[in-house]
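Data first, discussion second: the structure below is written as structure tokens.
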Amino acid sequence: DQQVKQNSPSLSVQEGRISILNCDYTNSMFDYFLWYKKYPAEGPTFLISISSIKDKNEDGRFTVFLNKSAKHLSLHIVPSQPGDSAVYFCAASGNAGNNRKLIWGLGTSLAVNP
Amino acid sequence: NAGVMQNPRHLVRRRGQEARLRCSPMKGHSHVYWYRQLPEEGLKFMVYLQKENIIDESGMPKERFSAEFPKEGPSILRIQQVVRGDSAAYFCASSQRQLNTEAFFGQGTRLTVV
């Protein structure tokens with residue numbers, strides 16, 4: 001039962017354009033969402049997060065949008081750079097019981113072409 | 001302030017041997033999480049520990065796997081009588097508090113069972 005879904009396993013974008021990575025979740029108890037970036041043979045690196053009381057959070061080139069009614073969030077990277085090429089994981093957690101741990105999507109592999 | 005330290009980075013074990021994976025959390029972090037990434041799969045939660053306590057082990061296989069986070073020293077993930085299917089990357093993460101916060105990851109231990 002995949003509670004966090006990243007339906008696009010891969011995405012290819014031209015340098016300078018916008019990258020949009022999508023994530024859907026099924027558990028309405030999730031109230032905190034995070035995006036991580038992962039390079040091969042390294043651990044995931046935290047990028048940006050959003051609480052369910054917000055619908056947008058921005059940090060430099062990275063913006064996360066949350067649509068609670070649709071149980072959908074997205075990560076926008078603009079402008080995209082070749083160094084952004086990595087696997088991006090969406091994760092979610094709640095604040096009670098078994099929801100307190102991070103639940104992960106399977107990742108989207110982003111390739112930014114020069 | 002050193003990040004999350006995992007060792008060893010690479011571990012080779014023969015079938016039936018024991019594997020011990022170590023994780024030293026970031027300074028000031030008392031929450032530790034272990035995740036496993038099987039080839040071609042995303043990160044799967046295994047166990048969540050606080051000092052001397054297992055909070056959530058719902059992702060741990062019922063047999064052969066155990067974890068601890070003693071009052072002094074690193075967290076240990078122990079796999080007894082390893083089998084080929086245990087070959088994976090094992091990641092440890094730590095956080096300062098339990099809820100609504102990002103977790104910081106180590107570089108992982110890649111276990112290969114031959």
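Observations
- B:ILE54 surrounded by fewer than 19 Cβ atoms within 10 Å (Cβ to Cβ), β-branched (Val, Ile, Thr) and either within 11 Å of another protein chain (Cβ to nearest Cβ) or touching a Pro at 6+ places or on another chain (Cβ under 9 Å) (or both): no
- Answer residue from segment B:70-114, given it is among the charged types (D, E, K, R), assigned to a loop (DSSP other than H, G, I, E, B) and within 14 Å of chain A (Cβ to nearest Cβ) and is surrounded by the fewest Cβ atoms within 10 Å (Cβ to Cβ) among those: B:ARG97
- Residues that are at the interface with another protein chain (Cβ under 10 Å from one of its Cβ atoms) and under 12 Å from the mean Cα position of the chain (by Cα) within segment A:46-59 comprise A:PHE46, A:LEU47, A:ILE48, A:SER49, listed in sequence order.
- With respect to the conditions (1) of a type outside the set (Ser, Thr, Tyr); (2) assigned to a loop (DSSP other than H, G, I, E, B); (3) touching a residue at least 24 places away in the same chain (Cβ under 8 Å), B:ALA67 falls short on a single one, namely (2).
- The set of residues from segment A:87-102 being at pLDDT below 90 and at the interface with chain B (Cβ under 7 Å from one of its Cβ atoms) comprises A:ASN95, A:ASN98, A:ARG100, A:LYS101, A:LEU102.
- Search result, residues across segment A:6-19 that are crowded, with 16+ Cβ neighbours inside 10 Å and assigned to a strand (DSSP E or B): A:LEU11, A:VAL13, A:SER19
The values are calculated or read from the model by the stated rules, or taken from the named source; none is laboratory data. Predicted, not measured: the structure shown is a model, and the values here were computed from it. Because the Cβ atoms are built from the backbone with ideal geometry, glycine has one as well, and the counts that use them run over all protein chains shown.
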